[in-house]
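Since the structure comes first, as structure tokens, the remarks are kept for the end.
The values are calculated or read from the model by the stated rules, or taken from the named source; none is laboratory data. These figures come from a predicted structure and were not determined experimentally. Note: ideal-geometry Cβ built from the backbone for every residue, glycine included; neighbour counts use all protein chains shown. Protein only, heavy atoms only, side chains kept; ligands, DNA and RNA dropped before computing areas. Shrake-Rupley method; radii C 1.70, N 1.55, O 1.52, S 1.80 Å.
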Amino acid sequence: MAISIAFSGKGGTGKTTLTGMMVKYLVQKAQTPILVVDADPNYNVNEVLGVEVTQTLGDVREEMKRGEVPSGMTKDRFMAMKLEEAVIEEDEFDLVVMGQPEGQGCYCAANTLLSDFLRKLSGNYASVVMDNEAGMEHISRLTTSNIDDLLVVSDPSRRGLQAAERINHLAQNLNIGVQDIYLILNNVREEPSEQMLKLVSDAGLKLLGSIYADSTIQDFDLQGRPTYELPDDNPALRSAFALFEKLF
């Protein structure tokens with residue numbers, strides 16, 4: 001049975017960077033093979049990991065929508081083939097990207113493709129790590145389901161914590177099979193104050209820990225360097241690894 005970890009939170013809180021750190025952690029702990037899932041239509045986990053994306057599940061959806069099925073091949077077989085082609089294989093992990101449709105319409109079909117495909121695919125891996133879109137859409141669409149740990153990432157702000165509280169409540173109310181939900185305070189500049197800790201407690205959130213703001217991560221981002229390549233002695237990476245240790 002695969003270990004499954006999902007990241008969620010308000011946009012700009014660093015959940016995608018932490019997704020890459022989790023992948024790096026699992027590689028070092030030999031929890032491989034790893035399936036990395038970018039479930040955000042505005043995908044960028046590949047940039048964190050230093051991987052080029054050539055096809056997404058959204059692309060497959062568009063092909064099916066246009067009816068581009070070769071003669072002599074059933075629609076189901078064509079879809080299965082294209083989904084398998086969308087898996088980007090690396091030495092230490094595989095990556096699948098949901099992407100988005102090119103034309104008008106919602107992402108529901110792409111989400112359904114992703115969910116069905118993941119259920120079949122995840123059994124081949126020791127670990128599954130998912131980065132979700134900002135907000136709660138992924139939960140309301142049940143993209144995030146049957147997850148061991150949902151890690152809600154927030155900056156140390158009231159609005160960030162309000163978003164985290166809503167994600168927590170929605171995940172619990174939908175009963176989607178998430179075993180544990182934890183809060184990570186990211187990009188903090190000092191230890192959480194009593195007022196901050198009270199906000200966390202009042203929101204019914206379980207605080208896993210905090211990660212301090214780190215200029216090296218900002219430099220990597222500006223230079224277009226994969227943060228997956230952060231050195232092992234990077235303070236933010238070490239803090240993230242210490243939090244991840246609590247989960248395992």
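Among the trypsin sites (Lys or Arg not before Pro) within the stretch 170-248, which fall in a DSSP loop and have no more than 13 other Cβ atoms within 10 Å of their own Cβ? The qualifying sites are Arg189, Lys206. Note on Lys75: lysines with a C-alpha under 17 Å away, same-chain residues under 8 apart excluded, are Lys65. Which of rounded, prolate or oblate describes the stretch 40-86 when judged by the alpha-carbon gyration tensor and an a/c cut-off of 1.5? Prolate, because a/c is 1.5 or more and a/b exceeds b/c.
For the pair the stretch 4-47 / the stretch 171-200, the C-alpha centres are spaced 18 Å from each other.
Loop-located GluC sites (Glu not before Pro) in the stretch 139-248 (DSSP state not H, G, I, E or B) with no more than 10 neighbouring Cβ atoms inside 10 Å: Glu190. Less than 5 angstrom separates the built amide H of Arg225 from none of the residues sequence-distant by 5 or more or on a different chain.
The GluC sites (Glu not before Pro) of the stretch 1-77 meeting both criteria, a DSSP state outside H, G, I, E and B (loop) and at most 15 other C-beta atoms within 10 angstrom of the site's C-beta, are Glu52, Glu68.
By how many degrees, between 0 and 90 and to the nearest 10, does the Cα long axis of helix 75-85 differ from the longest principal axis of the chain? Orientation of helix 75-85: about 50 degrees from the principal axis. In straight-distance terms, cross-link reach from Lys246 covers every one of the aspartates and glutamates whose alpha-carbon lies under 12 Å from its own, apart from those fewer than eight places away in the same chain; here that gives Asp149. Taking every DSSP helix (H) stretch of at least 4 residues in the chain, weighting each as -39,500 (n - 2.57) and dividing the sum by the residue count yields a mean residue ellipticity at 222 nm of -12500 deg cm²/dmol.
Database remark: amide H of Gly9 closer than 5 angstrom to the amide H of Gly135, Val153 (H placed geometrically; neighbours at sequence offset of 5 or more, or on other chains; Pro and chain starts carry no H). Note that the chain presents 49 Å² accessible area per residue, ligands and nucleic acids not counted, probe 1.4 Å.
Derived scalar couplings between HN and Hα for the stretch 115-123 equal 4, 5, 5, 5, 4, 6, 7, 5, x Hz in order, rounded to whole Hz, by the Karplus curve 6.51 cos²θ - 1.76 cosθ + 1.60 (θ = phi - 60°), x for Gly and Pro.
Across the stretch 241-248, coupling constants 3J(HN,Hα) worked out from phi with the 6.51/-1.76/1.60 Karplus curve, θ = phi - 60°, read 4, 5, 5, 5, 4, 5, 6, 10 Hz, and Gly and Pro carry x.
In this structure the amide hydrogen of Ser4, modeled in the peptide plane, comes within under 5 Å of the amide hydrogens of Val128, Asp148, Asp149, none closer than 5 places in sequence on its chain. With K and R counted +1 and D and E -1, the other residues having a Cβ less than 11 Å from that of Ala213 yield a net charge of -2.
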